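This report concerns only the one structure given below.
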Amino acid sequence: MKKRDLKIFLILIFVICGLFLEFNLSFATGQGETAWETISQEASDYLEQAISKMEEAIQIYAGANYPNKKLWAEAI
C-alpha cells in the first residue's frame with residue numbers, strides 16, 4: 001500500500017510542477033519577455049551574441065555553396 005501512495009504522490013508532484021512551469025512561461029510571454037530573459041540576464045546576453053553571430057555568418061556565407069547548406073540554413 002505504501003508504494004501505491006508514493007506513486008500517486010510523485011505523479012501529483014510531477015503534474016503540479018508541470019503546471020507551475022507552464023504558468024511561468026506563459027506569464028513571461030504575456031509580459032513581452034521571452035522565457036530566457038526571466039532566467040538570467042547573463043544567459044540572455046549570451047543568447048543575443050549567439051544570434052548576432054549566426055546572422056553575421058548567414059550574411060558572410062550567403063553566396064557560398066558548401067555541403068549541407070540547406071541543413072545549416074534550417075538549423076539556423
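Being at pLDDT below 80 and outside any helix (DSSP H, G or I) is true for just one of 28, 62. Which residue is that? Let's see the steps before the verdict.
Numbers: 28 fails: outside any helix (DSSP H, G or I).
Sole residue among the options that is at pLDDT below 80 and outside any helix (DSSP H, G or I): 62.
Can you list residue pairs whose Cβ atoms sit under 6 Å apart, with the first residue in the range 32-50 being more than 17 Å from residue 20 (Cα to Cα) and the second being in a helix (DSSP H, G or I) and modelled with pLDDT under 60? Count only pairs 6 or more apart in sequence or on different chains.
These pairs meet every condition: 43/36; 44/36; 44/37; 47/36.
The values are calculated or read from the model by the stated rules, or taken from the named source; none is laboratory data. Everything numeric here is computed off the predicted structure, so don't read it as measured data. No Cβ is skipped: glycine too gets one built from the backbone with ideal geometry, and neighbour counts run over all protein chains shown.
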